6 protein chains.
Amino acid sequence: MEYMVLKITGKAFTSSDLLLRYIEVIRALSKTHRVVVVTGGGEIARRYIEVARGININSNYWLDEIGIWVSRLNALLLIGALSPFTSPTPPQTLEDIIRAAILYPVTVTGGLIPGQSTALVLLQVAEALGASRVYYFSAIGKVYSKDPTKYPDAQPLSEITVTELKRVIEQKILPGDYALVDLHALELAIRSNIEIQILDYKKPELLFEALRGQNPGTRILPR
Amino acid sequence: MEYMVLKITGKAFTSSDLLLRYIEVIRALSKTHRVVVVTGGGEIARRYIEVARGININSNYWLDEIGIWVSRLNALLLIGALSPFTSPTPPQTLEDIIRAAILYPVTVTGGLIPGQSTALVLLQVAEALGASRVYYFSAIGKVYSKDPTKYPDAQPLSEITVTELKRVIEQKILPGDYALVDLHALELAIRSNIEIQILDYKKPELLFEALRGQNPGTRILPR
Amino acid sequence: MEYMVLKITGKAFTSSDLLLRYIEVIRALSKTHRVVVVTGGGEIARRYIEVARGININSNYWLDEIGIWVSRLNALLLIGALSPFTSPTPPQTLEDIIRAAILYPVTVTGGLIPGQSTALVLLQVAEALGASRVYYFSAIGKVYSKDPTKYPDAQPLSEITVTELKRVIEQKILPGDYALVDLHALELAIRSNIEIQILDYKKPELLFEALRGQNPGTRILPR
Amino acid sequence: MEYMVLKITGKAFTSSDLLLRYIEVIRALSKTHRVVVVTGGGEIARRYIEVARGININSNYWLDEIGIWVSRLNALLLIGALSPFTSPTPPQTLEDIIRAAILYPVTVTGGLIPGQSTALVLLQVAEALGASRVYYFSAIGKVYSKDPTKYPDAQPLSEITVTELKRVIEQKILPGDYALVDLHALELAIRSNIEIQILDYKKPELLFEALRGQNPGTRILPR
Amino acid sequence: MEYMVLKITGKAFTSSDLLLRYIEVIRALSKTHRVVVVTGGGEIARRYIEVARGININSNYWLDEIGIWVSRLNALLLIGALSPFTSPTPPQTLEDIIRAAILYPVTVTGGLIPGQSTALVLLQVAEALGASRVYYFSAIGKVYSKDPTKYPDAQPLSEITVTELKRVIEQKILPGDYALVDLHALELAIRSNIEIQILDYKKPELLFEALRGQNPGTRILPR
Amino acid sequence: MEYMVLKITGKAFTSSDLLLRYIEVIRALSKTHRVVVVTGGGEIARRYIEVARGININSNYWLDEIGIWVSRLNALLLIGALSPFTSPTPPQTLEDIIRAAILYPVTVTGGLIPGQSTALVLLQVAEALGASRVYYFSAIGKVYSKDPTKYPDAQPLSEITVTELKRVIEQKILPGDYALVDLHALELAIRSNIEIQILDYKKPELLFEALRGQNPGTRILPR
């Protein structure tokens, strides 16, 4: 069976309704694929990190570590819902993710290491499992040519190369939210030739369209 | 060095100001004791469990497990603040807690097993380490003879035996909040002769009074 | 495949003949179910604990821990006989049991944590795996209305509710041996709606009858 | 601090009185040395292995594994008595023994791997920790020139070389019990130049004599 | 499925061409067997051990440990090539090997413990998994009656008993290289009745012949 | 005690003489600091990776993983030489490094995760332990203003900011070897304000000079 590697932004974990739809999609997919899901941290992560700063934790290591544990808590929500088709705890190293991906129909994991985004984890998992495409349910569903909140003529792109996206990120042409994939993740995409399919996190069912060959978001091409 | 085993209710983990005072107290204590802190789950645990129910997780195992992970997240806040005087992750079994308690000046842990309260963990740790008293910072600072929210003549107790407290809990003389220590925890207190010192979670510094032999809360006597 | 969760009292582990019959039953079951077996400690546990007391180990933690390791030794007997259809070591946490139960046809485990009976482990495993019934091969094969060793008119019961059984245990209507399931285990049975089928440990083959819908012992109903 | 590596035959674990004396000796030693104790399996191991054969476990791997777990159970008796000056579980690999030996005042371990005696473990630990002498409390307190149960003129030896002992073992000059150290263990003694001090297991206090430079048993010299 | 347990000498890991052929053979075998491969250390091990001696590491424990890690590095080469049909890291204890052998189509492992050859690991794995024959790709493809480099009339043997081979090794009739299986490994072969099929490491495809019942090397018979 | 975090390039691990000097330096430092050493992979890593490519391992994950294991083998050389003042195996996650750094006088580790340099590990460890400076023994001992192999007037710099170094790396002003610290590592240096002291790997004793406040190499300033 083929591997299906996807990431769900932390934003999705505050709405039960939305989560239920993700669970349906993952269940359906697990009939035909070995599924690995990477979960983000989202709002709760940000709030815990704020408490941490309030008690004088200034170390980036610990602030990130706290965010990572919140992303694992989000992973646990999916694990509980998908049990017993998945390992009962989120794997905490890349090697454990590979082991789980071989042994269980579905694997759900959060962040791994301080200083690294869950977008990077998405690409790391894909590289380790030899997947040539990943699916990224993000707060923005498409990449735009210009800031759509400022320019009415901003066009959503169906494709963008990593090189172009890097330029856009570095020149800050798009607002912060659009820097959805960090440079390290893009580097891995390039070096291992992995396409990133961006999808709107509010529509989990877009995954079926994507699997049928359609492009209901933006494809980041590894060039 | 002697062991000092205490529990902090989850309620304490939403206020940075209060947490800072706990951190001060623990730092001071770690000069003279090997400290083990058990952290509760609190409000965030309840909210996560609600989301879990919303996605049809009805298994008590998984609902409890999610609560346990939130208590570990709270433990991580203290760990980050006390680093490097403590193990960088909360231990997840009783044996790991013992190991950590021998090796590090401070050990911070959350819940352990579904179906068991963090109050039980407090007593389990004390029993394993041979401590004859534990300190429990709880939402109520004292046990009352009657429900203080209903009866103006309700008296705070300086001492209560486990036998009396069990009767109070079973007959529901006090409201739910006062059932602060569950029956399993009380059973361990009895079988291993461990006194439980209840303290008001809003006043971490009461621990110093308690160590000087005063009783600024209620003592649950193991009889 | 459905999960089949059962406990075998420690008493069964001193007779090779009886054990051989259990092994036959488990092998047969593993064709149609994922089987999890919890093993008790029994006579050897009691003897080791006596030696422990003789060297002044008075801590309940350590006395229980020694009993738990004997139950793991009993688990190992079954593991050796069933190899390679089972994990080569008894899992030592609830999460490890779940992991093993997903991965291996048969999982054999002993006790888990000091202060908790193997009967409680039986219920914990059932709750974690979502099983609605457990099978308990115990020293007594049926629950009686009165002490059968004293009253010739004592009747074996085919069913008893948890509420009634709790009353019987608390009022000590039956001798110690009949307190076969402790209060914590009964609590889990209630909260997760799990029926406990009591069976005579001298007759492993009763399991086949029970699976055919018969009731060759006593059913403890989760009400 | 120097390492002190010793083995206690499984025979010692059936008498509380004797064990108490060992515990006293180990406690005293731990003031001046880092102590590592290897425990044998003894009578209970033999009985469990018999039950195992009775259920048709013929695999030497599993028979040995069961013996190893009994030796760990014996280790646990000492661990419980020496807590909290020792790791709360017997280490199960050579690397874990080293780690424990660095971190805890006392380390207690049983057997490690099927096909290998606990006498070999004794030598492996000494080699890993760089100890030049080990103490072996065995069923026989001295090595004899001839079988003392047959020849009244048999002389206890104060020293014997490995080469001579090998010859004695291979030619079966002494009865089985005297083959107390197997060939693999002797090989390690030779290759890493480790002296084996044999002592009578009924007299734990002989260790103090040995430490004062006396020879209250037989020394097996690594030549 | 039956277990197939084989060892590949460290010599094979310097030639990509040869390794590619091994990988082909293992892939083919994994269709019909659960395969366990033990890898030797070879030339790189020797070189690393030389550097170790150069920095005054004289402990046999550490010199062996370094050799073991090189054998694991060799295992990793096969693991990378066979991924994802194998555990992503070489198992490091006998129990981990058993676990992996049950769960993955192919398991690749190096050495385990200082003082023990990878030939012994080969026999340990076979004993643990109940295999009655092992395949050993060694630097010599056949055992000879006399030293073939000295005596032109030396005959390759199709079979030799363990007893004869032991005599040959002890009397040093054959040069060092022919002592391909050490005494401990031979002991396990005897006690668990395991035949060792020696094969020329330059011809991985001989395994197919051996599986068809032919004997393209020497069989060491467990008598 | 303060933490001292340093990296030794893989190049240093082929010469016993040089390694001996590093061991002397680390031993001396461990009297006054908790030392953490990160080891590179070097020449052997490159050769193993070449063999890996030869057997058609094209996955960057596996090529990097093999390089990481070689760096661990290099770590093992130091561990063997420094035993028993260090954990007997190189830690394999950032959390394990922290744990080891608290418990042992010296910790030696190799690479951690595919896609990440050992220079990044150096910075990750420093960030996790709160160190404000790291020492990097690299193939080049100083950073130059221009390529010193081409321009006779190239000047060694005593200081360079991260911003300038990034520009130099991106514009490829210096040859590949000078890109000694990758962008991710520099990012961590910036975000956690860590200075990187570059030192010539052929002169381990420079560390003493650096500790005395001198600057015998180049300082990369976190601006």
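Closer than 29 Å to F:GLU43 by Cβ, surrounded by 14 or more Cβ atoms within 10 Å (Cβ to Cβ), out of contact with any strand residue (DSSP E or B) (no Cβ under 7 Å at 6 or more places or on another chain) and at pLDDT below 85: does that describe F:PRO114? When the stated conditions are applied, F:PRO114 does not pass them. Annotation note: Cβ proximity below 6 Å between a residue of the range C:76-94 that is in contact (Cβ under 8 Å) with a residue 60 or more places away in the chain and a residue that is in a loop (DSSP other than H, G, I, E, B) (sequence gap 6+ or interchain) occurs for C:ALA81/D:ILE55; C:ALA81/D:ILE57. When E:GLU164 is tested against (1) in contact with a helix residue (DSSP H, G or I) (Cβ under 7 Å, 6 or more places away or on another chain); (2) assigned to a helix (DSSP H, G or I); (3) under 30 Å from D:SER117 (Cα atoms), only condition (1) is not met.
Screening A:LEU188 on (1) surrounded by 14 or more Cβ atoms within 10 Å (Cβ to Cβ); (2) away from every other protein chain (no Cβ under 14 Å) shows it passes everything except condition (2).
One line per residue, one yes/no per condition, for (1) at pLDDT 95 or above; (2) surrounded by fewer than 24 Cβ atoms within 10 Å (Cβ to Cβ):
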| position | (1), (2) |
| --- | --- |
| A:ASN56 | yes, yes |
| A:ILE68 | yes, yes |
| A:ALA81 | yes, yes |
| A:PRO90 | yes, no |
| A:PRO105 | yes, yes |
| A:TYR144 | no, yes |
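Any residue that is in contact (Cβ under 8 Å) with a residue 12 or more places away in the chain, surrounded by fewer than 22 Cβ atoms within 10 Å (Cβ to Cβ) and within 19 Å of the chain's Cα centre (by Cα) - is there at least one of those in the range A:13-20? Looking through the range A:13-20, at least one residue is in contact (Cβ under 8 Å) with a residue 12 or more places away in the chain, surrounded by fewer than 22 Cβ atoms within 10 Å (Cβ to Cβ) and within 19 Å of the chain's Cα centre (by Cα).
Inside the range F:27-40, can you point out the residues that are touching a strand residue (DSSP E or B) at 6+ places or on another chain (Cβ under 7 Å) and either farther than 20 Å from E:ILE49 by Cβ or free of Cβ contacts under 8 Å to residues at least 24 places away in the same chain (or both)?
Start the filter on the range F:27-40 by keeping residues that are touching a strand residue (DSSP E or B) at 6+ places or on another chain (Cβ under 7 Å), which leaves F:29-30, F:33-40.
Passing the criteria: F:LEU29, F:SER30, F:HIS33, F:ARG34, F:VAL35, F:VAL36, F:VAL37, F:VAL38, F:GLY40.
Restricting attention to the range F:197-223, the residues being in contact with a Pro (Cβ under 8 Å, 6 or more places away or on another chain) and over 15 Å from F:ALA139 (Cβ atoms) number 2.
Taking C:VAL181 as the residue in question, decide whether it is away from chain B (no Cβ under 14 Å), surrounded by 14 or more Cβ atoms within 10 Å (Cβ to Cβ) and closer than 30 Å to C:ASN58 by Cβ.
Working: away from chain B (no Cβ under 14 Å): yes; surrounded by 14 or more Cβ atoms within 10 Å (Cβ to Cβ): yes; closer than 30 Å to C:ASN58 by Cβ: yes.
Taking the combined requirement at face value, the residue satisfies it.
Looking at F:SER138, is it buried (at least 21 other Cβ atoms within 10 Å of the Cβ), on the phi < 0 side of the Ramachandran plot and among the polar types (S, T, N, Q)? Against the criterion (buried (at least 21 other Cβ atoms within 10 Å of the Cβ), on the phi < 0 side of the Ramachandran plot and among the polar types (S, T, N, Q)), F:SER138 qualifies.
For the range B:193-223, enumerate the residues that are crowded, with 22+ Cβ neighbours inside 10 Å and either touching a Gly at 6+ places or on another chain (Cβ under 6 Å) or part of a loop (DSSP other than H, G, I, E, B) (or both). Scanning the range B:193-223 gives B:ILE194, B:ILE198, B:LEU199, B:TYR201, B:PRO204, B:GLY217. Here is the figure for the range E:195-205: residues that are closer than 16 Å to E:MET4 by Cβ and either among the hydroxyl-bearing types (Ser, Thr, Tyr) or free of Cβ contacts under 8 Å to residues at least 40 places away in the same chain (or both) total 0. Inside the range F:167-207, can you point out the residues that are among the acidic types (Asp, Glu) and modelled with pLDDT under 85? Of everything in the range F:167-207, those that are among the acidic types (Asp, Glu) and modelled with pLDDT under 85 turn out to be F:GLU170, F:ASP177. Screening the candidates B:GLU43, B:GLU50, B:GLU24 for the property of being within 13 Å of chain A (Cβ to nearest Cβ), touching a residue at least 60 places away in the same chain (Cβ under 8 Å), part of a helix (DSSP H, G or I) and surrounded by fewer than 19 Cβ atoms within 10 Å (Cβ to Cβ) yields one hit, B:GLU24.
Please go through the range A:1-21 and give me each residue that is charged (D, E, K, R) and assigned to a strand (DSSP E or B), ordered by number. Working first, answer last.
Taking the range A:1-21 first, the residues charged (D, E, K, R) are A:2, A:7, A:11, A:17, A:21.
Result: A:GLU2, A:LYS7.
Here the range E:27-40 is the region considered, the condition is being in a helix (DSSP H, G or I) and not basic (Lys, Arg), and the residue that is surrounded by the most Cβ atoms within 10 Å (Cβ to Cβ) is E:LEU29. The helices (runs of 4 or more DSSP H) found wholly in the range B:56-157 and carrying at least 3 residues that are facing another protein chain (nearest Cβ under 7 Å) and farther than 30 Å from A:ILE23 by Cβ occupy B:94-103, B:118-129.
The values are calculated or read from the model by the stated rules, or taken from the named source; none is laboratory data. These numbers come from a predicted model, not from an experiment. Note that we place each Cβ from the backbone using ideal geometry, even for glycine, and neighbour counts take in every protein chain shown.
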